[in-house]
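Below you'll find the structure, written out as structure tokens, and then a few comments.
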Amino acid sequence: MLLFAAGLLTFIHFVLLILGDRESGSPNFHLIVVLFLLGEFYSLYSALIWPCLTLAVNEKVRSTAYGFCLSCENLVLALVPLVTGSIHDATIGVSHGYYYSEFVLFMLAAAGFYIMI
């Protein structure tokens, strides 16, 4: 089930990548559905990853493992927006900058899916 959730996250980032940007004033209503699915799949993935940690780690070091994983998650949640923001700022003249930011997010999701396999 965890592999399924990671695959769906990768797929949603791919869909966001191919949907592309719109010019100012022309709304892209498909993004509402896609972003809703992204939130649903991320919550499914988050709900599945923590019980797997319980199964994979010895009981003596379980608290340390939870702390370490949470620290790594917080580090990623702090650094990835900075990286994608700087990519967006650097490529704002080309496709409004969102294509390359989403490409980075897609590659991160694909790498995580590949590592999980």
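The values are calculated or read from the model by the stated rules, or taken from the named source; none is laboratory data. All values reported here derive from a predicted model rather than from experimental measurement. We place every Cβ from the backbone using ideal geometry, glycine too, and count neighbours over all the protein chains shown. Please note that ligands, DNA and RNA were not included when accessible areas were found on the heavy atoms of the full protein model with its side chains. Shrake-Rupley method; radii C 1.70, N 1.55, O 1.52, S 1.80 Å.
Points worth noting:
- Single condition SER86 does not satisfy, out of (1) within 26 Å of LEU2 (Cβ to Cβ); (2) at pLDDT 90 or above; (3) not basic (Lys, Arg): (1)
- Pairs with Cβ under 6 Å, 6+ apart, first in region 91-114 and under 13 Å from LEU16 (Cβ atoms), second of a type in the set (Phe, Trp, Tyr) and modelled with pLDDT of 90 or more: PHE106/PHE14
- All conditions in (1) modelled with pLDDT under 85; (2) not β-branched (Val, Ile, Thr); (3) not in a loop (DSSP other than H, G, I, E, B) hold for ALA47, with the sole exception of (1).
A quick yes/no check of all residues on (1) closer than 19 Å to PHE106 by Cα; (2) without any contact (Cβ under 8 Å) to a residue 60 or more places away in the chain:
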| site | (1), (2) |
| --- | --- |
| GLY7 | yes, no |
| ILE18 | yes, yes |
| GLY39 | yes, yes |
| TYR42 | yes, yes |
| SER46 | yes, yes |
| ILE49 | no, yes |
| ARG62 | no, yes |
| PRO81 | yes, yes |
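- All positions within region 58-117 that are of a type in the set (D, E, K, R) and either outside any helix (DSSP H, G or I) or open to solvent by less than 90 Å² (accessible area, probe 1.4 Å) (or both): ARG62, GLU73, GLU102
- Selection status of SER71, at pLDDT 95 or above and more than 16 Å from the chain's Cα centre (by Cα): yes
- Some residue of region 38-50 being out of contact with any Pro (no Cβ under 8 Å at 6 or more places or on another chain), open to solvent by 50 Å² or more (accessible area, probe 1.4 Å) and on the phi > 0 side of the Ramachandran plot: no
- Yes/no for SER86 being farther than 27 Å from PHE11 by Cβ, over 12 Å from the mean Cα position of the chain (by Cα) and of a type in the set (Gly, Ala, Ser): no
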